[in-house]
1. Filter Lys290/Lys687; Lys24/Lys687; Lys517/Lys606; Lys157/Lys683; Lys107/Lys166; Lys79/Lys606 down to the pairs with a C-alpha to C-alpha distance above 32 Å, please.
2. Which FRET efficiency, nearest 0.05, do Ala368 and Asn670 yield, Cβ-Cβ r, R0 56 Å?
3. With the cut-off at 15 Å, report for segment 102-158 the share of all Cα pairs above it, as a whole percent.
4. What is the spin-label model distance, in nm, from Arg70 to Glu341 if the labels are put 7 Å beyond Cα along the C-beta direction?
5. May I ask you to derive the relative contact order of segment 87-180, considering only C-alpha pairs under 8 Å and at least 6 residues apart, and to give it as an integer percent?
6. Evaluate the charge dipole of the chain about its Cα centre and quote only its size in Debye, nearest 20, assuming +1 on the Cβ of each Lys and Arg and -1 on the Cβ of each Asp and Glu.
7. Round to the nearest 0.05 the FRET efficiency obtained for Gln589 and Cys510 when R0 = 30 Å and r is the Cβ-Cβ distance.
8. Looking only at the chain, where both bridge partners belong to it, what percent of the DSSP beta bridges are antiparallel (to the nearest 5)?
Amino acid sequence: MLENIIPDIKFLAGVGSKRAEMLKKELEIVTADDLIRYYPYRYVDRSRFYYIHEINSDTPFIQIKGQILRFERQGEGRKQRLAAIFSDGRSTIELVWFQGIKYALDKLRTNTNYVVFGRPTLFNGKYNIAHPEVERPEDLPPAEQMGLQPYYNTSEKMKHNFLNSKAIQKIMTNLMLQLQDVTIQETLTSDIIKQYSLMPIKQALVNIHFPQNAEKLKFARQRLKFEELFYVQLYILHQNKLREQNVKGFIFSKIGDFFNTYYKKYLPFELTSAQKRVIKEIRSDAGSGKQMNRLLQGDVGSGKTIVALFAMFMAMDNGFQAAIMAPTEILAQQHYDTISELLGRMNVNVAILTGSTKPKERKKLHNALISGELHILIGTHALIEDTVKFKNLGLVVIDEQHRFGVAQRARLWQKNTQPPHVLVMTATPIPRTLAMTLYGDLSISVIDELPPGRKPIQTYHYFMNKHPALNQFLAKQIAAGRQVYIVYPLIKESEKLDLQNLEHGYEYICDAFPNLKIGKVHGQMKPQEKEVEMQRFVGGLTNILVATTVIEVGVNVPNASVMVIENAERFGLSQLHQLRGRVGRGAEQSFCILLTDYKIGADTRKRLAIMTETNDGFRIAEADLQLRGPGDMEGTQQSGMPFDLKIANIAQDGPMLEIVRSVAQKVLENDPVLLSEKNLILKNQLKKLKKEPVNWGIIS
Ligand code: ADP
Ligand code: MG
């Protein structure tokens, strides 16, 4: 939008070809548009002077007027520092220098008027300002003109070349001067701007860099966040519409014998109302003529498997085959066992295919698949190997989706000219706001209810001195017939991280429980050895399984009732929750014991508090999002975020995200592929969004 006015930023005052090059390399700023969208990361209020007595722990960067009363040299040698006692006429505060002491002493005088500028920090119960900017008042423009000063992120390399925040600020000033009398084209329609009382684009861009006041800044930020989130949603929903128009889905038009017979004769328990609701949602998708892309979220133990089974019956009732993909062999095997058991005497052909399926068996399977004799195939990624061909694959269920690579999923499609319906099951709950952005084109179903009769897992946090008491507790549980997991963060002792480690722990446990059978699994064992150990535990041959996080996903041992997590401070929230989900799967009361070092940080304390407080995966995911931010959320790294967010923050801007989603929905309802004159702005803007998004419509 600015290309016509400023075709090349190197001609902008303060830039030049060298800096233009650096802006490109370091910040990916190429055009004037990029430049104006490089927002400050914070602002400093230079519109007024503070009094020292006003300072509290929320005080941002501030300026104070006053004089230096005296200097004090403190400390010795390397720890030397300079303190200047600064008075605003009412009270005093220390200005502190750790470096550049000589320079400060040369430059500064006592009994001279200064404006001091910096962020107060609390040290030994007193506020001080370290390395402040100190200016003579006569060198500064009047305070009213200073307003809120923008600060920009720059790289080390840029700073070395004097392209620091101040320099960027100067460049922005020049940019704004050039734009003064220029109209900047709106990026949102006037309807939207009016309805949500948004600040016009030019005013917002001016105020985001040089806010006239705090109020204006607030509106500018709101406007730009709105716009950013709106385009994320519009992009995703627009892609959906296009996909719906272009990709036809198989129509599962009828509910037939498989479904009905199972429901009436073999269903081993009453479905929860959440399960029923989700089955209905799947049914409505699969009958619609559109290809289903549905994310099924449900906490561990919420009963996703039976829902998947009913979805597969729908496929089979309409003459299609179904497949389940799991991330590991153990899980594929467990799905196979569970499904076989659930099916009981139902006449359904199910088979399993993994990396270790023997060639002869494999051949037989291939034939049964191509002839259509096989109804359900369960497997690992072996299932998407080229030689596997289905007669007519109608539904694919993918378990624990975040373990699957995007490319692997894409290959599934080569099995069919028409893509099968897809049901992605995950036990990693994703907060709604995040799901809306990351998986905006997947419909979402949630099982938010556990089967009846479950006892909530009791979770406790202890320090490491509790080991002896804990051992007594474990012995009691095992005497009562239960089994125990003990999880360690590392396999081998590392010098850097002074952690309990699995080998050490294994020995300790063997010593502590000489009469019990102790197993051990970790990621560096051969898959077969791992499998053997796991099977021994599943079969009840070992009482205690000492493990790393390899047991995190999906393994089902209902008899295991205690999960001990050593160095729990080392694990993220969602990981802790996943680990805890390994217990609480049977009728007995289960326990999760989180052991930590004595020294733990504030964030760890919060994580542990949430764990001991709730078993609700969604609350935990929400807290995780707040604590860590969306970038680190498990399962989001390979996600399809269409473009980076510059100003909006998914963890904080949830409510706005809900609004913009409905706005985007309304726009597309009236004009599905943005053909109307009125929406031309939106269409053009969408086109400009550069980074190619991952197209979930095709690969999920
Ligand atoms: P997950 O969602 O973790 O995959 P599963 O599908 O493995 O959960 O179900 C966990 C356990 O709960 C299984 O033993 C399953 O048979 C049982 N289950 C599922 N649904 C119900 C229900 N409606 N009533 C009672 N038990 C159920
Ligand atoms: Mg499961």
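The values are calculated or read from the model by the stated rules, or taken from the named source; none is laboratory data. Note that the structure is a prediction, hence the values are computed from the model and not measured. Cβ atoms come from the backbone with ideal geometry, glycine included; neighbour counts cover every protein chain shown. Calculation scope for accessible area: heavy atoms of the full protein, side chains included, ligands and nucleic acids excluded. Shrake-Rupley method; radii C 1.70, N 1.55, O 1.52, S 1.80 Å.
1. Over 32 Å apart, Cα to Cα: Lys517/Lys606; Lys157/Lys683; Lys79/Lys606.
2. Values: r = 50 Å, r/R0 = 0.89.
Calculated transfer efficiency: 0.65.
3. Numbers: 1075 of 1596 pairs.
Every Cα pair in segment 102-158 considered, those over 15 Å come to 67 percent.
4. Each label point lies 7 Å from its Cα, and together they span 8.1 nm.
5. Values: 69 pairs, mean separation 19.6, N = 94.
Value for segment 87-180: 21 percent.
6. On the way: 90 positive and 74 negative charges, 81 e Å.
Using only the charged Cβ atoms, the result is roughly 400 debye.
7. Numbers: r = 27 Å, r/R0 = 0.89.
The value I calculate is 0.65.
8. On the way: 31 of 85 bridges.
About 35 percent, rounded to the nearest 5.
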